[in-house]
Every structure is written in structure tokens, then in C-alpha cells.
1. Suppose we look only past 24 Å in the calculated P(r) of segment 5-105. What percent of the Cα-Cα pairs does that tail hold?
2. Fewest to most neighbouring Cβ within 10 Å: what's the order for Leu92, Leu61?
3. Taking the Cα centre of segment 5-105 as origin and charging only Cβ (+1 Lys, Arg; -1 Asp, Glu), how large is the dipole, in debye to the nearest 20?
4. Once the dipole of segment 5-105 is set up with Lys and Arg at +1 and Asp and Glu at -1 on Cβ about the Cα centre, which of Ile80, Ala21, Asn57 lies farthest towards its positive end?
Amino acid sequence: MSEGLEIKEGRHGRGVYAARAFAKGDAVESCPTLEVPGDSVSGMLGDYVFGSAEDENEVILLLGYGMLYNHSYEANCEYIQDGPRLITFVTLRDVEAGEELTIDYGEEWWSTRNLEPDP
């Protein structure tokens, strides 16, 4: 388990929650990644991978809790490429214990699935 984090059921299914307070700019979790061919990922798993900035035919599979961060347009975290095979989630503002940690999936994620995010 990643220190300071817990997985709970929430409004949008399972999500990552702060088990303690985090200050703005804190690294919440660093997730090792695997790059895999995009055509090898199908069905529901396709909703949990990240696009590769280096190769449009590859997708990035995050290990750890990386695939469980839910979306919010008012996200309290962002993710950054932190080395060749590592993505780190960092807080955008102070986060209280018990608060869900969220990222903004971006418009493309929703439009390519013909979906609208819940408010």
C-alpha cells in the first residue's frame, strides 16, 4: 500500500483517498509504468491506461494506485512523467485527510468515448 493513501468506494466507484493531509506540491504517489501496444488493450481496460507522449501506438499501464484516480474538472492532483518509466501524482492544492484525490482526464478522454463527465 502507498503510504498516506487508501482505496475506498465513492460516488464514481473505487477511488484514491488521502489517509492524511497533504500540502500543495506534495508528491502523493510515484507509479512505475509499463508501455504496451495500444492494440493489445481492449474493453474496459482501455479506460484505465494513459496515452503515450512518445509513441501514439503505445499506451501506458500504471502500476500501484495509478489507474484508480477519478476525474474532476476541479482536480486536486496532476500527474507528471518523472523519468522514463515513472509517473508521479502531485497535489495542486492542500488536501485534507479523507478527501478523494482526483485528476482531470482532459477533454479528449471524454470525447473519444462519446461520454460526458458527471458534475
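Each reported figure results from applying straightforward, stated rules to the coordinates on display, with no laboratory input. Values in this document were obtained by computation on a predicted structure and should not be read as measured data. Neighbour counts run over all protein chains shown; Cβ positions are idealised from the backbone, glycine included.
1. Working: 1074 of 5050 pairs.
Value for segment 5-105: 21 percent of Cα pairs lie more than 24 Å apart.
2. Leu92, Leu61
3. 360 debye
4. Towards the positive end, the residue furthest out is Ala21.
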